[in-house]
Amino acid sequence: MRYFYAIYDKDKRITPADASYQFTTHPSIGSKKPVKFWVVGDSGTGGAMQKAVHEGMQKYMESLKLDFYIHVGDMAYRSGTDPEFSRNFFNMYEPTLRNTVCWASMGNHEGQTSSGETQKGPYYDAYVLPTKAEAGGLASGTEAYYSFDYANTHFICLDSHDLDRRPLGAMAMWLKADLQKTKADWLVAFWHHPPYTKGSHDSDREQQLIEMREHIMPILEASGVDAVFTGHSHIYERSMLIDGAYATPSTNQGVVLDDGDGDPKGDGAYKKSAGLAPHNGTVQVVTGHGGTGLRRKSNHPLMSKVIMLHGSMIMEIKGDKLTGEMIDVHGAVLDTFVIEKGGKVTRSIVENPRAPKLIEPEPKAKSSKPHSMPKNYSNVIPRGATWHYLAGAKLHPAKGWASAPFDVSDWKLGAAGFGYSDKDDKTDLDMKNKYSAVYIRKEFTLEAGTDFSALGLGVSYDDAIIVYLNGKEIVRRGVDSGAGSKAKGFHTHEAGKLEYFPLGANKKLLKPGVNVIAIEGHNAGIGSSDFSLDPVLILKK
Amino acid sequence: MSIRFFIRRVVVGEFLLSAIFLTDGLHAHESPHDTIHKLSHRIESTPTNAALYYARAIEYKSLGKASHAVADFRTVLRIDPSNLNSTLALARLLAVQSKPDQSLKLLDGRLKGAVSDESKARLLKAKSDIYFTTKQYQRSYDGVTEALTLVAKPSDDWYLQQAITNLQLGELIRRHQQLAIGFKKSASELLHYSWIDAKLDAGEGKEVKPTILKYRTESRFVSTWNIRLAQTLPLEATERKQVLAEAVVEMNQRLNMTRPDVTLLMDRCLAYHLQGDLKRAKQDRQWLETMKIQSFQILWLDWKLQSPAAAE
């Protein structure tokens, strides 16, 4: 059931009349409705990478709708205080949170100001989590650990931070009882401290991590858990299909059931028996790469894929398949695994499994610090000038749009800058959640005898631009490849002072008389909080 | 209802602010070793900042370096004697180090200055833990029972501790009565199930048999419910033998024999005992012993193993 809502402060409506203010309740327990959910962890910095990871997910999803999302903790650095929750969680994820439930697990940073034992502190103020099995599962009587059902999948959240993790402690005993009861076809568990990692943390040396592996994993695997999501370690690590890997230090001997990559386009999907079969294999995902700095100590021997790039997971459970995709900040898929269930799959061990595949970022190119505008110049196209622009959902210009002549009769006219939200725009665009590219062009005249090598472009932009002079690309910032509707690989960039690009090297493209400059501006994500494109063309003196 | 999950309450947490790291400049993505290194560096320049010692103690604790953690918690308390979290953490560590007297002295000292009911309750519960480990069950019972009266939402552990002290004191009726209060207050099914066990242990199995049958029907794995059901049936009843045999088969299918799920192994030990297979029950109990699990549940299992196999 879908509900639309508005929030009022007495008679004053706070939320705009916008259909995105909505939520959908879960389908009935046991139904076969597919589910698509986002998993993110260790994100709460309030910084550019957190924003980029969120936008990467939005770009990947485009018009698709998440059913809910899971946060595996550390959502409000440094200490999970109320202002940090506002700044680093609610404000950052507002476009998603307004219509998507977040199921949360407390991280150690929230644990500095909140307590699982007393269920008090800002984390417990921020969420109302089920204590009486309101969304399915078994009543835990506490918000610190709980379970819920979505269609035919059972989800379990545990507190790995500050509660007793021993196998006969209250949390483990509740877990055992909860697992005995569920009749779901799929089982997913999540908490903060990873049982298997060699990222910024080491699961062979740290107490919480060791205990979750040695004490909690046997209970989960005896009930057929399919996937476990954690964070804490700031890296993406995704395991092979494993079972019974409880030893310290971790070893890959005798515990790997499938050492392939789990990708149907690669080594093939992981196979498991239908329903929840004990000890039939689990995939562990450390998704601590949601925004904060990344670290890697070494490669954990149980991992299939280790990725040193920021991102998050999109998970889909549909029929007899569970699909996990790691999405980077550009919305690109960097890792895929599938668990396919059917019939009876006999447990067999892979001897001497393969080593993990490591993906690291490309070495950074020498930094190209933006130039400041020259002190003395004359305007060719001044700030605030009127440009032709094309902007709208699925609107992209015809071939040749960046050259002169070109028919712009169906383009609009507007004063620069173009954009929304950050109050630096003269032409406001309705692009948020609708489209992410805007095209502008303007003809300008250069007198004979002008020093063409003095031409330069000043531009304030958010997030990316491709600039054309008389039809030829001359500047590209924040777009890895392609152009127009085929542009991809966006990087976030904040607008600010005009950044200066000398165009003297392109003087051969210029001619006395009429020339044309054209710019396509891109947002890194369709739901980005702002967009800016504010150019000026000058002659340096 | 879903919207409630992301609308913020405006209540402000009342405690733990003393535990906030004053650690500007330390990056969130560092390992415990890196964090300890940087905290130590900062402690050199600001040696009276209690928060830095507390933060370092937590990191030491996570690495299993108990003596380092103890030293830092002690320093915190020298600088800020009223620090509740350091008091509790230090008391627990001292108990683990087999220093219960030091632990109790510390807790008693802090109790004298405790102002809020919640602080008192947490200190009393910690004292109860120490008394329990030293087998002073009456004192442990008194402590946790007083603590339970002081807080609105006690965790399940508190009720379970009260229940196990009742068991040790032979108070079987009071045990299930107090678990029933706990279940009503918290709605935790774990307490409900513990209440069912307590009713069985008190010889009131008939009363809970319908509930056991209902839950058994609702469950995917039935071994635990079969074990409970068996305790409501006469010793020679065929059904009793059947449900226990069924339980053992199911548990054997689920147990990883290299490193078993302790909760299942405990159940199997009890099932063998109820079957009268004392040899296998003993083997499982010895296996549990090798795993060095400290828990109320193990004490309860030992109590069960000393009891006759039949309930009625």
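Of the conditions (1) surrounded by fewer than 19 Cβ atoms within 10 Å (Cβ to Cβ); (2) more than 30 Å from A:S250 (Cα to Cα); (3) of a type outside the set (D, E), B:H273 fails just one. Which one is it?
Evaluating B:H273 over (1) surrounded by fewer than 19 Cβ atoms within 10 Å (Cβ to Cβ); (2) more than 30 Å from A:S250 (Cα to Cα); (3) of a type outside the set (D, E) leaves (1) as the failure.
Would you confirm, using the coordinates I've provided, whether B:T134 is surrounded by fewer than 22 Cβ atoms within 10 Å (Cβ to Cβ), more than 21 Å from A:T113 (Cα to Cα) and in contact with a Pro (Cβ under 6 Å, 6 or more places away or on another chain)? Give the derivation first.
Numbers: surrounded by fewer than 22 Cβ atoms within 10 Å (Cβ to Cβ): yes; more than 21 Å from A:T113 (Cα to Cα): yes; in contact with a Pro (Cβ under 6 Å, 6 or more places away or on another chain): yes.
When the stated conditions are applied, B:T134 passes them.
Taking the stretch A:36-48 only, how many residues are buried (at least 20 other Cβ atoms within 10 Å of the Cβ) and either on the phi > 0 side of the Ramachandran plot or within 14 Å of chain B (Cβ to nearest Cβ) (or both)?
Qualifying residue count for the region: 7.
Looking at the stretch B:214-250, which of its residues are open to solvent by 60 Å² or more (accessible area, probe 1.4 Å) and farther than 25 Å from A:L276 by Cβ?
The answer is B:P234, B:L235, B:E236, B:T238, B:E239, B:K241.
Out of the residues in the stretch B:300-312 that are in a helix (DSSP H, G or I) and either surrounded by fewer than 16 Cβ atoms within 10 Å (Cβ to Cβ) or over 22 Å from the mean Cα position of the chain (by Cα) (or both), which is farthest from the other protein chains (Cβ to nearest Cβ)?
Kept after step one, since they are in a helix (DSSP H, G or I), are these residues of the stretch B:300-312: B:300-305.
Going one step further and asking which of them are either surrounded by fewer than 16 Cβ atoms within 10 Å (Cβ to Cβ) or over 22 Å from the mean Cα position of the chain (by Cα) (or both), we end up with B:302-303.
Numbers: B:D302: 12, B:W303: 14 Å.
Only one residue tops the list, namely B:W303.
Can you report the number of residues in the stretch A:111-161 which are facing chain B (nearest Cβ under 10 Å), in a loop (DSSP other than H, G, I, E, B) and among the charged types (D, E, K, R)?
3
Is one or more of the residues making up the stretch A:95-109 more than 10 Å from chain B (Cβ to nearest Cβ), surrounded by fewer than 23 Cβ atoms within 10 Å (Cβ to Cβ) and under 17 Å from A:G527 (Cα atoms)?
yes
So, in the stretch A:161-170, how many residues would count as being among the small types (G, A, S) and in contact with a strand residue (DSSP E or B) (Cβ under 8 Å, 6 or more places away or on another chain)? Spell out the reasoning first.
So in the stretch A:161-170, the residues among the small types (G, A, S) come out as A:169-170.
After this cut, where a residue has to be in contact with a strand residue (DSSP E or B) (Cβ under 8 Å, 6 or more places away or on another chain) as well, the list is none.
Adding up the residues that qualify gives 0.
Return the residues of the stretch B:178-229 that are among the acidic types (D, E), under 24 Å from the mean Cα position of the chain (by Cα) and more than 14 Å from chain A (Cβ to nearest Cβ); say none if nothing qualifies. Spell out the reasoning first.
Keep residues of the stretch B:178-229 that are among the acidic types (D, E), which gives B:189, B:197, B:201, B:204, B:207, B:218.
From the residues that got through so far, the ones that are under 24 Å from the mean Cα position of the chain (by Cα) too are B:189, B:197, B:201.
Selection gives B:D201 alone.
Considering only helices (runs of 4 or more DSSP H) fully contained in the stretch A:163-224, which possess at least 2 residues that are facing chain B (nearest Cβ under 9 Å) and more than 18 Å from A:S250 (Cα to Cα)?
Details: elements: A:170-181, A:207-211, A:217-221.
Correct list: A:170-181.
I'd like to check which strands (runs of 3 or more DSSP E) are fully inside the stretch A:307-403 and have at least 3 residues that are open to solvent by 60 Å² or more (accessible area, probe 1.4 Å) and charged (D, E, K, R). Working first, answer last.
Numbers: elements: A:311-318, A:321-328, A:333-341, A:357-359, A:377-381, A:386-391.
Once the strands (runs of 3 or more DSSP E) in the stretch A:307-403 are filtered for at least 3 residues that are open to solvent by 60 Å² or more (accessible area, probe 1.4 Å) and charged (D, E, K, R), nothing remains.
Can you go through A:A184, A:A189 and tell me which one is within 26 Å of the chain's Cα centre (by Cα), of a type in the set (A, V, I, L, M) and either surrounded by fewer than 23 Cβ atoms within 10 Å (Cβ to Cβ) or farther than 27 Å from A:E351 by Cβ (or both)? Spell out how you get there, then give the answer.
Numbers: A:A184 fails: within 26 Å of the chain's Cα centre (by Cα).
Selected residue: A:A189, the only one of A:A184, A:A189 that is within 26 Å of the chain's Cα centre (by Cα), of a type in the set (A, V, I, L, M) and either surrounded by fewer than 23 Cβ atoms within 10 Å (Cβ to Cβ) or farther than 27 Å from A:E351 by Cβ (or both).
Can you find a residue that is among the aliphatic types (A, V, I, L, M), open to solvent by 30 Å² or more (accessible area, probe 1.4 Å) and touching a strand residue (DSSP E or B) at 6+ places or on another chain (Cβ under 8 Å) anywhere in the stretch A:450-473? Don't jump to the end; show me each part of the working.
Filtering the stretch A:450-473 for residues among the aliphatic types (A, V, I, L, M) gives A:454-455, A:457, A:459, A:464-467, A:469.
Remaining after also requiring open to solvent by 30 Å² or more (accessible area, probe 1.4 Å): none.
No, every residue in the stretch A:450-473 fails to be among the aliphatic types (A, V, I, L, M), open to solvent by 30 Å² or more (accessible area, probe 1.4 Å) and touching a strand residue (DSSP E or B) at 6+ places or on another chain (Cβ under 8 Å).
Determine whether B:S194 is in contact with a helix residue (DSSP H, G or I) (Cβ under 7 Å, 6 or more places away or on another chain), surrounded by 16 or more Cβ atoms within 10 Å (Cβ to Cβ) and at pLDDT below 95. Break it down into steps so the answer makes sense when it comes.
Values: in contact with a helix residue (DSSP H, G or I) (Cβ under 7 Å, 6 or more places away or on another chain): yes; surrounded by 16 or more Cβ atoms within 10 Å (Cβ to Cβ): yes; at pLDDT below 95: no.
No: the conditions fail for B:S194.
Does any residue of the stretch A:522-532 turn out to be of a type outside the set (D, E), closer than 15 Å to A:F444 by Cα and at pLDDT 90 or above? First the steps, then the outcome.
Let us first name the residues in the stretch A:522-532 that are of a type outside the set (D, E), namely A:522-529, A:531-532.
From what is left, the residues that are closer than 15 Å to A:F444 by Cα are none.
No, the conditions are met nowhere in the stretch A:522-532.
The values are calculated or read from the model by the stated rules, or taken from the named source; none is laboratory data. On a predicted model such as this, the values are computed, not experimentally measured, just so you know. Because the Cβ atoms are built from the backbone with ideal geometry, glycine has one as well, and the counts that use them run over all protein chains shown. For accessibility, only protein heavy atoms count, side chains too; no ligands or nucleic acids. Shrake-Rupley method; radii C 1.70, N 1.55, O 1.52, S 1.80 Å.
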